[in-house]
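Data block below; observations after.
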Amino acid sequence: MAQNIKDYKKKIQTQNMIIVALAILIVVLIVVSSTAAWYIRTRSDTADIILSNPVNIYITEFETLLDNDGNVVLGDDGQPVIKHTTKTDILEEFNTKVYPGDKIKMKLGMQIGDGVTTSSPAYVRVKLEVAYENIYTGEISELQDLAELGQIEYEDEPDSSVWQKVDFNRFATFEGEESERPVDYWYVLKTTDLSGNTTAKVAYDREQFVFIDGYIILNRDAITNAQANCKIHINYVVEAIQIVNVPDPIVYQGYGPWWNRALGDIEDIPTA
């Protein structure tokens, strides 16, 4: 990840481009202990993108000017005096962030360890939630909803050859229709050998990884005053867990802390 590790979070605005760069520094093992079963650390970061102020047009209508007694005021030409009356209110002002046609660049990554405190080898999983909030109605929408309306184009998926999408709620106890089971999707850092076998990749101290290099483009023809001042929320969560005494979360799905031990722990894994 090509950035100075001192700049863990930065937002850079350039003409017609917003770059949101969130970098997570995570240390799995803070205090070494021979008795602890496992160590886990979670780090998160957020960013809000606010759509710019609307273009405000005052709509007026012609009204006949009346005096204090309600009589029509006449001009020098003997005709009634006409005035303009504003009929609409402008919206409150917010900080201008992005405009229709702008591109929001999302580059999200992480580093294991900080060079001062040594991290244990770890498995890594990431969750990214991006949502659109209509501040007028309170409605929260997914990006896919906006894309279907033609308001945005976006890319928020990581490289599938590096990250595997896993539902960690898959084996959880649930009473009800299977189709209504809640999901808990995370992306797990993975590796695939020459035989095509996929396992969770072990991340070592000082290693850096890119999660996504994505974007959101606001359609200049579809974004209107109705979307002005509304917000795009970005919530980025990275979690790492030491590999010692923890089963591979991809190979042994349902086992271990990340699965809430739905099928058991490492000692419960069936042997061939």
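The values are calculated or read from the model by the stated rules, or taken from the named source; none is laboratory data. No experiment lies behind these values; they were computed from the predicted model shown. Every residue, glycine as well, gets a Cβ built from its backbone with ideal geometry; the counts of neighbours run over all protein chains shown. Heads up: the accessible areas ignore ligands, DNA and RNA and are worked out on the full protein's heavy atoms, side chains in. Shrake-Rupley method; radii C 1.70, N 1.55, O 1.52, S 1.80 Å.
Working ranking of peptides 233-244, 192-203, 212-223, 146-157 by packing, defined as the average number of other Cβ atoms within 10 Å per residue, highest first, is 233-244, 212-223, 146-157, 192-203. Shape analysis of the stretch 96-196 yields a ratio of the Cα radius of gyration to the Kirkwood radius, Rg/Rh, of 1.04. Where does the charge balance sit around D268 when Lys and Arg score +1, Asp and Glu -1, over other residues with C-beta under 15 Å from its C-beta? For residues surrounding D268, the net value is -2. Computed on the Cα atoms alone, the convex hull of the stretch 176-272 gives a volume of 235 cubic angstrom per residue.
Legend: distances between Cα atoms for K105/K165; K105/K190; K165/K231; K107/K127; K103/K127; pairs beyond 20 Å are K105/K165; K105/K190; K165/K231; K103/K127.
Between Q208 and D167, the contour length at 0.36 nm per residue exceeds the alpha carbon distance by 12.3 nm. Over all directions, the projected convex hull of the C-alpha atoms in the stretch 183-224 averages 6.7 nm² in area.
Accessible area per residue for the stretch 140-221 is 63 Å², calculated with a 1.4 Å probe on protein heavy atoms, without ligands, DNA or RNA.
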